[in-house]
Amino acid sequence: MLYQMNFGDLLPYWQVLARGLLFTVVLTLVSTVAGIFVGTAGAWARTFGPKWAGTCVSIYVELIRNTPFIVQLFFIFFGLPAIGVKMGEAEAAFLAMTINLGAYSTEIIRAGIQAVPYGHLEAGSSLAMSRWEIFRHIVLKQAFMKVYPALSSQIVIVMLGSAVVSQISAEDLTYAANYIQSRNFRAFEVYLVVTGIYLALAIALRALLRGIARAVFPKG
Amino acid sequence: MLEFTFSVILENLLLATRWTILLSLIAFVLGGVVGLIVLFARVSHSRALRTLTIGYIELFQGTPLLMQLFLFFFGVALLGVEVSPWVAASLALTFWTSAFLAEIWRGCVEAIPKGQWEASESLAMTYTEQMRHVILPQALRIAVAPTVGFSVQVIKGTALASVIGFVELTKAGTMLNNATFRPFLVYTLVALIYFALCFPLSWYSKRLEGRLNVAR
């Protein structure tokens with residue numbers, strides 16, 4: 001017997017999907033901004049910061065990069081309350097995403113910083129710029145220009161990875177899919193549609209990031 | 001009644017790690033085979049084949065692995081076949097891996113100078129012969145480091161199989177947590193075991209990368 005697809009059963013739930021989509025979008029945007037902030041601080045510590053800070057950041061980066069996101073999420077949401085750090089599922093999702101992207105972007109931005117020629121730093125200090133001014137205006141700007149493509153694809157990867165936060169009941173797009181299929185038993189149709197939404201989201205996010213690059217970085 | 005001491009928890013987690021390793025190996029080996037086929041199509045002369053594989057790669061790289069697992073889990077069941085989490089997880093991870101490996105390897109193939117293609121073509125080699133004898137042996141050298149690096153992603157990817165009920169390391173952690181109510185200990189151990197699996201591979205991949213740069 002051949003299975004009859006039925007997408008009509010999804011229509012009554014479009015609001016659930018829309019709410020989930022909104023959560024995924026906000027989650028991605030907020031943790032992207034926060035994660036890149038963490039990554040910039042981490043990259044600074046590893047290149048210009050004191051040695052002990054660099055070592056701490058290296059340990060953080062390696063720990064995050066070599067464990068699955070879902071385990072990090074479970075650790076934060078289930079593990080931390082056991083030692084007294086309690087938070088809701090949305091907060092845990094934001095925190096886990098930020099920590100995760102922070103580690104990856106530390107590595108990416110650090111690579112960009114190390115690619116800045118040393119002469120540029122000397123030129124900066126000969127213009128009597130302070131260490132902070134050199135970092136902010138000379139190093140960081142060039143570093144971001146160099147690693148922007150790598151950073152963009154990492155942001156898309158993190159957005160797709162955010163589907164996992166449904167496992168701690170954070171009400172994202174995947175959570176909406178799970179909810180709907182538990183109501184109308186149209187699992188395959190729901191997941192097919194939601195997969196399509198994620199694909200569209202990935203394509204839109206990439207276009208957005210390209211647009212930002214064109215607006216922020218001068219040609220060349 | 002069974003007492004959940006530290007050693008019992010650790011023992012159970014390590015037993016479950018076997019399935020994480022086995023699933024990773026299946027996904028990596030089968031994904032490599034499928035990825036090689038996709039690679040051949042991706043760099044072929046036929047525009048239709050290239051477009052098709054670009055779509056294939058985009059589909060698997062542009063959607064969450066978790067969704068792919070759900071689709072395979074519920075999708076294969078629609079064909080009237082009873083799917084075990086084993087089959088669904090292996091299938092989803094294989095195709096997911098193949099898309100990424102094909103794209104990584106494409107970069108390596110395209111790094112080979114065009115003259116190599118032209119020279120081998122002028123020797124009347126067919127496309128398969130060119131790939132087999134000229135391009136791939138050279139591309140292999142630069143492909144090793146990123147391929148080893150990606151194996152870390154595969155191991156981490158298997159953690160998602162826990163969601164469809166595949167009892168590997170993460171799922172075992174969840175079950176032990178439910179039995180012991182010691183989430184901090186359990187998830188710390190789970191994370192450390194993943195770290196012990198992944199870190200040597202990450203480290204080795206980085207070392208290979210460094211060696212390659214020296215060689216050039």
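Some notes on this structure:
- Interface burial in segment A:181-220, defined as at least 50 Å² less accessible area with all protein chains than with the chain alone at a 1.4 Å probe, covers A:Phe188, A:Tyr191, A:Thr195, A:Leu199.
- Heavy-atom accessible area, 1.4 Å probe, ligands and nucleic acids excluded: residues of segment B:55-94 down by at least 40 Å² from chain alone: B:Glu58, B:Gly62, B:Thr63, B:Pro64, B:Leu66, B:Met67, B:Phe70, B:Leu71, B:Phe74, B:Leu78
- Full-extension gain in nm, A:Phe185 to A:Ala207, via 0.36 nm per residue minus C-alpha separation: 4.5 nm
- Cα-Cα pairs of segment B:6-215 separated by more than 32 Å (percent): 29
- Net +/- balance of residues flanking B:Glu168 in space, Cβ distance below 15 Å, scoring K and R +1, D and E -1: +3
- Surface exposure of segment A:10-216, expressed per residue as accessible area with a 1.4 Å probe, stands at 47 Å².
- Accessible area per residue in Å² at 1.4 Å probe, computed on segment B:6-215: 47
- When the alpha carbon gyration tensor of segment A:31-135 is reduced to an equivalent ellipsoid, its three semi-axes come out at 33, 13, 12 angstrom, largest first.
- Stokes-Einstein diffusion coefficient of chain A, Kirkwood radius over Cα pairs, 4 °C, 1.567 mPa s, in µm²/s: 67
- When you restrict to C-alpha pairs under 8 Å that are six or more residues apart and normalise by the size of chain A, the relative contact order lands at 29 percent.
- Per-atom-type breakdown for segment A:68-220 gives carbon and sulfur 64% of the accessible area (1.4 Å probe, protein chains only).
- When the accessible areas of B alone and A alone are added and the area of the pair subtracted, with a 1.4 Å probe, the result is around 3100 Å², both sides summed.
- Other residues whose C-beta falls under 14 angstrom from the C-beta of A:Ser152 contribute a net charge of +4, scoring Lys and Arg +1 and Asp and Glu -1.
- Cα long-axis angle, helix B:169-180 against chain B (0 to 90 degrees, to the nearest 10): 10
- At 0.890 mPa s and 25 °C, Stokes diffusion of the protein assembly as shown via Kirkwood alpha-carbon radius, µm² per second: 104
- Here's the picture: charge each Lys and Arg Cβ at +1 and each Asp and Glu Cβ at -1 in chain B, and of B:Gly32, B:Leu65, B:Asn178 the one pushed furthest to the positive end of that dipole is B:Gly32.
- Shielding score for B:186-194, defined as the mean number of other chain Cβ atoms within 10 Å: 5
The values are calculated or read from the model by the stated rules, or taken from the named source; none is laboratory data. Computed from a predicted model, the values in this text were never measured in an experiment. Ideal geometry is used to build each Cβ from the backbone, glycine not excepted, and the neighbour counts take in all protein chains shown. Side chains included, ligands, DNA and RNA excluded: accessible areas come from the protein's heavy atoms. Shrake-Rupley method; radii C 1.70, N 1.55, O 1.52, S 1.80 Å.
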